[in-house]
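Here it is: the structure, laid out below.
Since every read-out is calculated from the coordinates, none of them should be taken as a lab result. What you see is a predicted model, and the numbers here were worked out from it, not measured in a lab. Every residue, glycine as well, gets a Cβ built from its backbone with ideal geometry; the counts of neighbours run over all protein chains shown.
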Amino acid sequence: MTEPAGRLIIVSNRLPFNASVEGGELVFHESAGGLVSGLASYLHSRRQTAPLSGEYLWVGWPGTSVDDTLKESLIQRARDEFCSHPVFLNEEQMEQFYLGFCNATLWPLFHYFPSYTEYKPDFWEHYKQINQSFCNALENVLRPDDVVWVHDYHLMLLPRLLKVRRPRLSVGFFLHIPFPSYEIFRLLPGEWRREILEGLLGADLIGFHTYEYTHHFLQCVLRILGYEHHLSQILTWDHPVKVDTFPMGIDFEKFSAAAVEPAIQRERQELKNTLSDFKVVLSVDRLDYSKGISHRLEGFECFLESNPQYHGKVVLLMIVVPSRIGVVQYDRMKRQIEEMVGKINGRFGRVHWTPVVYQYRHVPFPSLVALYTVSDICLVTPLRDGMNLVAKEYIATRTDGTGGLVLSEMAGSAKELPEAIIINPNNRSEIAQALMDALEMPLDEQKKRNQIMQNRLRRYDVKRWAHDFLSTLAGVRDIHNRIEAKLLSPAEWSEVVRRYKTSRRRVLFLDYDGTLTPLARYPTMARPDDEKLALLRSLATAPGNDVVIISGRGQHALDSWFGALPVGLVAEHGAWLKHFGQPWQLVKPLANEWKQQLLPILEIYADRLPGAFVEKKENSAAWHYRLADPEQAGFLAAELIDHLNNLIAKTDLQVIQGSKVVEIRHAGVDKGGAALQWLAKSDYDFVLAAGDDSTDEDLFCAMPASAVTLRVGIAGTEARYNLRNSAEVIGLLQSFANGSGLSSGGAP
Ligand code: ADQ
């Protein structure tokens, strides 16, 4: 697979540097963190392997608000020194957006802390505004063939905003934190949760760290927006979206090479000298309630309680990076950690032994690697973590193969590192036991486990991860391009209208539901309005025209809605037809004994699924489930189809699945067969067929090669063209009727 050829635009809340103003001057510091350092490694390698196509731009907040006099200089320096473009936000915006919606709403909720979650409308308003500001900033720098890769929960509305402005732009999105289950996600107010999902679905590719997050997202999209997926691909109204799992890797070579660098070895030796009497258990993370820091301390305390033989022989070296200073929960947690550390040290410490060595600071890269390599055990205990790169970094630095990793099953990385000692962080005695197991693990067992993990991490490193994501994105674009090529273009639209106008004998086969009108919640709600009826009448009465409404509905519904128009009617997918002014005729004699046996089965399935109902027609029957719980309905529909298929073997019946409907009908009776009856009647020089679901494919297949065949929606089809929605069909019919080339009804 190859990556897209265009310039890569990375968009994240923060830029890879922090700007600040010191003494009136701009000062830049490179920022740390997994996302930044991982992507930086990838971008560097991309430039080396493909200098020409390796061009990129990083768009994000520069970490400070500056007054207007410094903005120009910040823009210039960001571009020249960091290939970046700043998005300027003021203090109040950052307060409401970053500390507000991002970190007081989305972060706790997505990490399964609903009780910490604040649902403030002001936060939400700012979230929408800032996403819009990012979109505006991007507008100023985007070139036509750029590829945009949006990162993380701060910018979930951005993909849709970009797509609305630039439908052809290639947009990818990656979420670095967990995507929660439906039961958690639905706690967001209805409008917010819908807009977030719609926002994400503006992307062509959406990536998550683990299969669970992908599954949760697809489930939410189904239950909240009603989109089903096929092999993780969703067809939205305007484009296909691929949803997939890409577990983020680290720059393995960078960490393993650093471990043997002389300067880092020296730092390691100094640490070793200080800690020579102890086995070292290391933990490294940002200060965050999701990281399970207090659970870790409890686990360590439990270990000391139950293993006095280790007193004076083990230290827990706990490095915590300051984070989100000023947010109440974080300040409270910091105090709580300090108290717990004090309590453990007071309870177990001796003059020559402090059980917990706690540091609250950022550690530069060389010191971090020295810490990883000097430790006997790395203890990673998040209550929830999208991935957790620390666990991976620790393994990468263990070049001699030794070391024990104790890892929470709630971290995404536990899926990739099953050879670690996996624990549940809520169980303090399990943490204690895991520490014991790690301390006592024989060296060759440690090496065996670590080697397996190292091989995996080396193969699927951060460069592979980014390459995988971007080449999948390029693949989705190819599918999109193929679909776009089938959408009726403005030029083709005009040509179809021209052909219509210059022909003498015309027939229009028009499906109704989903084609001339959007699909409705109840079949009875789709009644045509006066405007639609007037349009059909004007087409049907134009000289040389035949109009045929060709539907899956029963005769009664078609009669009551269209009976007064001079049109032909086809009911029940072709079982019945009616030429204008004549009675209904059955296409061929059909036996209906099946009803006695099969209708009760449909009823049972309808009773079992609230919202489902049975529509009984003369020669067919339909089990509708548009209003039912979509997930349960999906299972039950599959079960029903299976059940019915077993019963109809050796009959002439057929079970078909339409849009949220399962139908039983006679095989060999379809819309195509019915249409042929009209085609045989006259020598038409303009034939048009329009439909929206699988039953209309029979119609398209029966049409002569010269016919204009149109499928509504962007699904794959035998039709010659796709139209986006029923409004476009109406627009085209209006162009036929009123003579204008393009109309208000929804021309492309
Ligand atoms: P984080 O929550 O920041 O990232 P993590 O994956 O552990 O969590 O990455 C932290 C990074 O910061 C690591 O690269 C580590 O080396 C560095 N770091 C941690 N403590 C440090 C310290 N004291 N000093 C210096 N550096 C330190 C979010 C998600 C994660 C997901 C990443 C990447 O919350 O679940 O793994 O994004 O997608």
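For residue 339 and residue 215 in the same chain, what is the full-extension length gain: residue separation times 0.36 nm, less their Cα-Cα distance, in nm?
Values: separation 124, 0.36 × 124 = 44.64 nm, distance 3.97 nm.
Going from the current span to full extension adds 40.7 nm.
Can you check what the Kirkwood hydrodynamic radius comes to for the stretch 217-306, Cα pairs only, in Å to one decimal? Spell out each step's value before the answer.
Working: mean 1/r = 0.0531 Å⁻¹.
For the stretch 217-306, inverting the mean 1/r across all distinct Cα pairs yields 18.8 Å.
Can you pick out the pairs among 392/448; 616/660; 163/532; 595/616; 128/242 whose Cα atoms lie more than 20 Å from each other?
Working: 392/448 16 Å; 616/660 16 Å; 163/532 31 Å; 595/616 9 Å; 128/242 24 Å.
163/532; 128/242, as the Cα separations exceed 20 Å there.
Once you list every other residue whose beta carbon is under 15 Å from the beta carbon of residue 374, what net charge do they have if Lys and Arg are +1 and Asp and Glu are -1?
After counting each charged neighbour, the total is -2.
For the stretch 282-318 and the stretch 641-711, write down the distance between their C-alpha centroids in whole Å.
Computed from Cα coordinates, the inter-centre distance equals 68 Å.
Follow-up question, since we're still on this one. Using +1 at the Cβ of each Lys and Arg and -1 at the Cβ of each Asp and Glu in the stretch 611-748, identify which of 704, 717, 624 lies farthest towards the dipole's positive end.
Highest projection toward the positive end goes to 704.
Stokes-Einstein D for the stretch 117-174 at 20 °C, 1.002 mPa s, Kirkwood Rh over Cα pairs, in µm²/s? Spell out each step's value before the answer.
Values: Rh = 12.1 Å.
Diffusion coefficient, whole number: 177 µm²/s.
Okay, moving on. Counting each DSSP H run of 4 or more residues in the chain as -39500 (n - 2.57), what helix-only mean residue ellipticity at 222 nm follows after dividing by all residues, to the nearest 500 deg cm²/dmol? Present the calculation step by step, with values, prior to reporting the outcome.
Details: 26 runs with 321 residues, N = 748.
Estimated from H runs of four or more residues: -13500 deg cm²/dmol.
Can you bin the stretch 1-127 into rounded, prolate or oblate? Criterion: square roots of the alpha carbon gyration tensor eigenvalues sorted a ≥ b ≥ c, rounded for a/c under 1.5, prolate for a/b above b/c, oblate for the rest.
On the way: a/c = 2.37, a/b = 1.31, b/c = 1.81.
Since a/c reaches 1.5 but b/c is at least a/b, the shape of the stretch 1-127 is classed as oblate.
Follow-up question, since we're still on this one. Can you tell me the orientation of helix 630-648 relative to the chain, as the angle in degrees between its alpha-carbon axis and the longest Cα principal axis, to the nearest 10?
Taking the Cα atoms of the chain, the angle to 630-648 is about 50 degrees.
With an 8 Å cut-off on Cα pairs and a minimum separation of 6 or more residues, tell me the relative contact order of the chain in percent.
Numbers: 1337 pairs, mean separation 73.7, N = 748.
Relative contact order here is 10 percent.
Okay, next question. What is the packing order of peptides 96-102, 597-603, 193-199, taking the mean over residues of other C-beta atoms within 10 Å and listing the highest first?
Those peptides, ordered most packed to least, come out 96-102, 193-199, 597-603.
Quick one: putting +1 on the C-beta of Lys and Arg, -1 on the C-beta of Asp and Glu, what dipole do you get for the stretch 187-276 around its Cα centre, in Debye to the nearest 20?
Details: 8 positive and 13 negative charges, 63 e Å.
Dipole size: approximately 300 debye.
Say the cut-off is 27 Å between C-alpha atoms; which of 254/415; 272/415; 279/343; 486/578 go over it? Could you put the intermediate results ahead of the total?
Numbers: 254/415 23 Å; 272/415 32 Å; 279/343 21 Å; 486/578 33 Å.
From the list (254/415; 272/415; 279/343; 486/578), the Cα-Cα distance tops 27 Å for 272/415; 486/578.
Now for a separate question. Using alpha carbon centroids, what distance separates the stretch 405-436 and the stretch 19-40, in Å?
34 Å
Could you work out the relative contact order of the stretch 588-683? I mean the mean sequence separation of Cα pairs under 8 Å and 6+ apart, divided by the number of residues, in percent.
Values: 98 pairs, mean separation 20.8, N = 96.
After rounding, I find 22 percent.
Here's something else I'd like to know. So what's the angle, to the nearest 10 degrees on a 0 to 90 scale, between helix 726-738 and the longest Cα principal axis of the chain?
40 degrees
Could you please state, rounded to a whole Å, how far the C-alpha centre of the stretch 73-131 is from the C-alpha centre of the stretch 561-598?
Here the two parts' Cα centres lie 59 Å apart.
Where both partners of a DSSP beta bridge lie in the chain, what percent of those bridges are antiparallel, to the nearest 5?
On the way: 31 of 100 bridges.
In the chain, approximately 30 percent of DSSP beta bridges are antiparallel ones.
Related question: Any chance you could give the angle, 0 to 90 degrees and rounded to 10, that helix 530-541 forms with the longest Cα principal axis of the chain?
Taking Cα atoms only, the helix is inclined about 50 degrees.
Within a Cβ distance under 13 Å of residue 669, other residues only, what is the Lys/Arg minus Asp/Glu net charge? It would help to have the intermediate numbers written out before the result.
Details: positive: 588, 617, 665, 671; negative: 572, 618, 652, 663, 670, 698.
Around residue 669, the charge tally is -2.
Going by average Cβ density within 10 Å per residue, which order do the peptides 718-726, 346-354, 493-501 take, highest to lowest?
Details: 718-726: 19.9, 346-354: 11.8, 493-501: 16.3.
For the peptides 718-726, 346-354, 493-501, the packing ranking is 718-726, 493-501, 346-354.
Can you compute 3J(HN,Hα) from phi for each residue in the stretch 197-212, using the Karplus curve 6.51 cos²θ - 1.76 cosθ + 1.60 with θ = phi - 60°, rounded to whole Hz and x for Gly and Pro?
Here the 3J(HN,Hα) series is 5, 4, x, 5, 5, x, 6, 7, 9, 10, x, 10, 6, 10, 4, 4 Hz.
Shape of the stretch 276-426 from its Cα gyration tensor (a ≥ b ≥ c, root eigenvalues): rounded if a/c is under 1.5, otherwise prolate when a/b > b/c, or oblate?
Details: a/c = 1.38, a/b = 1.05, b/c = 1.31.
Since a/c stays below 1.5, the shape of the stretch 276-426 is classed as rounded.
Also, quick follow-up: Give the long-range amide H neighbours of residue 712: residues separated by 5 or more places, or on another chain, with amide H under 5 Å away, using H modelled in the peptide plane at 1.01 Å from N.
It is 691, 692, 723, by chain and number.
When the convex hull of the Cα atoms of the chain is projected onto a plane and the area is averaged over all directions, what value comes out in nm²? Walk me through the intermediate numbers first.
Values: hull surface 155.7 nm².
With every direction weighted equally, the projected area is 38.9 nm².
With viscosity set to 1.306 mPa s at 10 °C, what whole-number translational diffusion coefficient in µm²/s follows for the stretch 400-517 from Stokes-Einstein and a Kirkwood radius over Cα pairs? Don't skip to the end; give the middle numbers.
Numbers: Rh = 20.5 Å.
Estimated via Stokes-Einstein, D reaches 78 µm²/s.
Quick check for me: using +1 on Lys/Arg Cβ and -1 on Asp/Glu Cβ, what's the dipole size of the chain about its Cα centre, in debye to the nearest 20? Don't skip to the answer; put the middle values down first.
Values: 79 positive and 90 negative charges, 147 e Å.
Rounded to the nearest 20 debye, it is 700 debye.
Only four residue types carry charge here, +1 at the Cβ of Lys and Arg and -1 at the Cβ of Asp and Glu. Report the dipole size of the stretch 446-605 about the Cα centre in Debye, rounded to the nearest 20.
Rounded to the nearest 20 debye, it is 1280 debye.
Within the stretch 174-251, which chymotrypsin sites (Phe, Trp or Tyr not before Pro) sit in a loop by DSSP and count at most 14 neighbouring Cβ atoms inside 10 Å? Don't skip to the end; give the middle numbers.
Details: sites: 174, 182, 185, 192, 208, 211, 213, 217, 227, 237; in loops: 227, 237.
The qualifying sites are 237.
Hull surface divided by four, with the convex hull built on the Cα atoms of the stretch 613-706: how many nm²?
Working: hull surface 30.1 nm².
That works out to 7.5 nm², a quarter of the Cα hull's surface.
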